[in-house]
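Colleague: Quick one: this structure, given as structure tokens, is what I'll be asking you about.
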Amino acid sequence: MHTRRCAARIVTVLALAGIAFGAGGVRKDLRFKVGKHPTVAVNNQYGPITVKAGAAHQVVVTAILHSDKVELDQSKSGNRIGLVSHLLPGADATNGVVEYEIQVPVDANVTLQSETGPIHVEKLRGDVTIEGSNALIDALDCADGHVHVKTLNGAVNLSNIRNGHIEIVSMGGDVTMTGVSGPFVKVNSNSGKIQYDGDFGAEGQYDFSSHTGNIEAVAPAYASIDVLARSSNGPVQSDFSLEPKHTPFAMKVGSAFAGTWGKAASSVSLFSFSGKIHLKKRQN
């Protein structure tokens, strides 16, 4: 009887140890010296990736591996750093999770991939490329670089992105942009909603298109825009009393509008097949 109790206690201790490993994981700390404009690529099948601006000339990585079913492969070639979550036999969306927290120089270019995410990027001035299937994607306080995002069903949130070349492709995820401006901002969505709240500044080209998702764009009274909006089967509405202009297609009240406001410095195109389009004037 005593032997059985001891065996039971050992099994219980091992089980608890396994639970502790799964909850806390194994931590790996990495540090790389880099020059100007380094490139950091992270491929993580399962789990979050957070990248923030840090000190110059160094990349600092903290990775937490949730089990022994996944390994961290690292590489450095010149000014390029690669991090890959290497799944081992038996790995799945639960035990194959790796959590990344990374600090990079502000001028770094980053490429991030995660199926489940979330993916968070903050205060960078280099190019940012993000891909994810169902990952929630956030980018904020970035400027002067390209921001390219591809996702299937993950939501995309961009906030305070200035002077950027922005391209977002989404199948079903909603795209929300707040304080986003630049010479080129393009969003293409199949069924997700597109929401924009900004000033359409930088004398840029803004191109939002969807198939079935609604498009809502909010701009201030001082906006300077040349607008073309059209939905084949959905309602179209503008709060701005636009100066009419000629269009390449026949205008139909309630399904299309075109015109200018202010000095028409930026071009704004809003297109949907069956979604609702609403150009709103910000009330403040």
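Please treat every number below as a calculation from the coordinates, not as lab data. Since the model is a prediction, treat every value here as computed from it, not as a measurement. A quick note on method: Cβ atoms are made from the backbone with ideal geometry, for glycine too, and the neighbour counts reach across all protein chains shown.
Colleague: I need to check one value: relative contact order of the chain, counting alpha carbon pairs closer than 8 Å and at least 6 residues apart, in percent.
Modeller: Relative contact order of the chain: 12 percent.
Colleague: Show me, for the stretch 169-183, the HN-Hα J-couplings you get by feeding each phi into the Karplus relation (A = 6.51, B = -1.76, C = 1.60, θ = phi - 60°), rounded to Hz, glycine and proline as x.
Modeller: Whole-Hz 3J(HN,Hα) from phi for the stretch 169-183: 10, 9, 7, x, x, 6, 10, 10, 10, 10, x, 9, 8, x, x.
Colleague: On to the next question. Please arrange Y46, Y196 by counting, for each residue, the other beta carbons lying within 10 Å of its beta carbon, fewest first.
Modeller: Ranking Y46, Y196 by Cβ neighbours within 10 Å, fewest first, gives Y46, Y196.
Colleague: Please compute the net charge surrounding G35, taking Lys and Arg as +1 and Asp and Glu as -1 over other residues with Cβ under 11 Å from its Cβ.
Modeller: Net charge in that neighbourhood comes out at +2.
Colleague: Can you list the residues, at least 5 places off or on another chain, whose amide H is less than 5 Å from the amide H of S238, using H built in the peptide plane?
Modeller: L279
Colleague: Here is a further query. With r defined as the distance between the Cβ atoms of E71 and N134 and R0 fixed at 22 Å, what FRET efficiency is calculated, to the nearest 0.05? Display every interim value, and only then the final one.
Modeller: Numbers: r = 23 Å, r/R0 = 1.06.
Here the calculated transfer efficiency is 0.40.
Colleague: Please list, in order along the stretch 234-244, the HN-Hα scalar couplings obtained from phi with the Karplus expression 6.51 cos²θ - 1.76 cosθ + 1.60 (θ = phi - 60°), rounded to whole Hz, x for Gly and Pro.
Modeller: Running phi through 6.51 cos²θ - 1.76 cosθ + 1.60 with θ = phi - 60° gives x, x, 10, 9, 10, 8, 8, 8, 6, 6, x Hz.
Colleague: Now a separate question. Using 5 Å bins from zero, what percent of all Cα-Cα pairs in the stretch 24-108 falls into each bin?
Modeller: 3, 15, 28, 22, 15, 10, 5, 1
Colleague: Right, next: Using only helices, what value at 222 nm comes out for the chain when you add -39,500 (n - 2.57) per DSSP H run of length 4 or more and divide by the total residues, to the nearest 500 deg cm²/dmol? All intermediate terms of the calculation are to be shown ahead of the outcome.
Modeller: Numbers: 1 runs with 23 residues, N = 284.
It comes out at -3000 deg cm²/dmol, rounded to the nearest 500.
Colleague: Which FRET efficiency value, to the nearest 0.05, is calculated for K245 and A41 with the Förster distance at 35 angstrom and r the Cβ-Cβ distance? All intermediate terms of the calculation are to be shown ahead of the outcome.
Modeller: Working: r = 45 Å, r/R0 = 1.28.
Rounded to the nearest 0.05, the efficiency is 0.20.
Colleague: What is the sum of charges, Lys and Arg at +1 and Asp and Glu at -1, for the other residues whose Cβ falls under 12 Å from the Cβ of E101?
Modeller: Every neighbour counted, the sum reads 0.
Colleague: Here's something else I'd like to know. Could you please report the charge total around S272, scoring K, R as +1 and D, E as -1 over all other residues with beta-carbon less than 13 angstrom from its beta-carbon?
Modeller: Counting the neighbours of S272, the net charge comes to +1.
Colleague: Taking H placed 1.01 Å from N in the peptide plane, check which residues at least 5 places from V175 or on another chain put their amide H under 5 Å from its amide H.
Modeller: It is V156, K193, I194, Q195, by chain and number.
Colleague: Determine the gain in length on full extension of the stretch R282-S255; use 0.36 nm per residue of separation and subtract their C-alpha separation, reporting nm with one decimal. Please list the in-between numbers first.
Modeller: On the way: separation 27, 0.36 × 27 = 9.72 nm, distance 2.19 nm.
That works out to 7.5 nm of additional length.
Colleague: Pop out the ³J(HN,Hα) list for the stretch 82-94 in order, Karplus 6.51 cos²θ - 1.76 cosθ + 1.60 with θ = phi - 60°, rounded to Hz; leave Gly and Pro as x.
Modeller: x, 10, 10, 7, 8, 7, 9, x, x, 6, 9, 5, 9
Colleague: Next up: On the first, second and third principal axes, largest extent first, how far apart are the outermost C-alpha atoms of the stretch 92-229 in Å?
Modeller: Extents along the principal axes: 51, 37, 17 Å.
Colleague: Ok, one more. What is the calculated FRET efficiency for A265 to Q58, with r their C-beta to C-beta distance and R₀ = 41 Å, to the nearest 0.05?
Modeller: Computed FRET efficiency for A265 and Q58 comes out at 0.50.
Colleague: May I ask you to compute the full-extension gain from D92 to D144, defined as 0.36 nm times their residue separation minus their alpha-carbon distance, rounded to one decimal in nm?
Modeller: Details: separation 52, 0.36 × 52 = 18.72 nm, distance 3.79 nm.
Full extension from D92 to D144 adds 14.9 nm.
Colleague: What's the lysine pair count for the stretch 24-108 at a Cα cut-off below 19 Å, pairs eight or more apart or interchain?
Modeller: Here the count comes out as 7.
Colleague: How tilted is helix 2-24 with respect to the longest principal axis of the chain? Cα atoms for both, answer in degrees (0 to 90, nearest 10).
Modeller: 30 degrees
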